[in-house]
Structures are given as structure tokens and as C-alpha cells.
Amino acid sequence: QVQVVEFGGGLVHPGGSLRLSCIASGFNFSTSTMSWYRQAPGKERDLVARISTDDGGAIYADSVKGRFTISRDNHKNTMYLHMSSLKPEDTAVYYCNVVGPHQYSDYWYDSWGQGTQVTVSS
């Protein structure tokens, strides 16, 4: 059994900051690829950022480069998304995605959290 849960969404003013957290249980976390996606009303779910398993290298959507930072703590099975200089167009439901093996078997999972709402508004 694996589980992915996001925390940290909320309402923030334009220019403000917010940190999202994603806790993944049941995975071999250190060998799992972790990503953040977001979906605004009426739009498709898009990749925001992804962090690698080894050196922590990351990729970002062009729209968030320089404003968002993805990180992971393998000891806490947790991934973070630090968001700053937030804009109204960042308003969306943010989802955590984990792709990796179960901690006690070779079975691989591609799992999503339930999502957390981020609203940027004055």
C-alpha cells in the first residue's frame, strides 16, 4: 500500500509566498521520482517541477522558473515546493506525483495525492 498526501495550500496575496509539502509513504523514497503538477479550472494538468532521485537536479515549467523551488528530504519521505512572487495565474489545485518502487518489493507505482488548492488573490 502506498499513499501520497499534500499539505500547505491556501489563500495568499499577489507577491506572497507559500510552501507546499508532499509526504509519500510505502515507497522506496530515495529511488522515486517526485513531481508537482497543477490544474487550473478549465485547463489541463501541467507539470510545474520535477526533482531527480540522485543529485536532486530539477526541472521547472518556464512560467515558474526563478520563483519556485522544488526540494526533497529523503530521510523524511517528503518533497517541498517553495513558491514566491506568486501571481494570480498561479491559482490552481497543486498535485504531488510519485513514481517509484514499493519499499518492500519491486512493484512500481505511479501515484497521485488528492491535491491542495492554492489561490492567489488580493
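The values are calculated or read from the model by the stated rules, or taken from the named source; none is laboratory data. Note that the structure is predicted; figures quoted are calculated from it, not measured. We place every Cβ from the backbone using ideal geometry, glycine too, and count neighbours over all the protein chains shown. Protein only, heavy atoms only, side chains kept; ligands, DNA and RNA dropped before computing areas. Shrake-Rupley method; radii C 1.70, N 1.55, O 1.52, S 1.80 Å.
Worth a mention:
- By DSSP, the beta bridges lying fully in the chain are antiparallel in about 95 percent of cases.
- Peptides 77-90, 10-23 ranked from most to least packed give 77-90, 10-23, packing being the mean of other C-beta atoms within 10 angstrom over each peptide's residues.
- Look at the dipole of the stretch 56-122 built from charges on Cβ: of Val99, Thr119, Tyr109, the Cα furthest out on the positive end belongs to Thr119.
- Spacing of the two label points (7 Å from each Cα toward its C-beta) at Arg19 and Leu47, in nm: 2.6 nm
- Compactness relative to 2.2 N^0.38 Å, alpha carbon Rg of the chain: 1.03
- Virtual paramagnetic centre 7 Å along Cα→Cβ of Ser105, amide N under 18 Å, in the stretch 18-36: 25-29, 32
- Part-to-part distance (alpha-carbon centres) for the stretch 99-120 and the stretch 2-26, which is given in Å: 14 Å
- Within the full protein context, the accessible area of Thr119 is estimated at about 40 Å² for a probe radius of 1.4 Å.
- The distance from the alpha carbon centre of the stretch 44-86 to that of the stretch 27-42 is 9 Å, rounded to a whole number.
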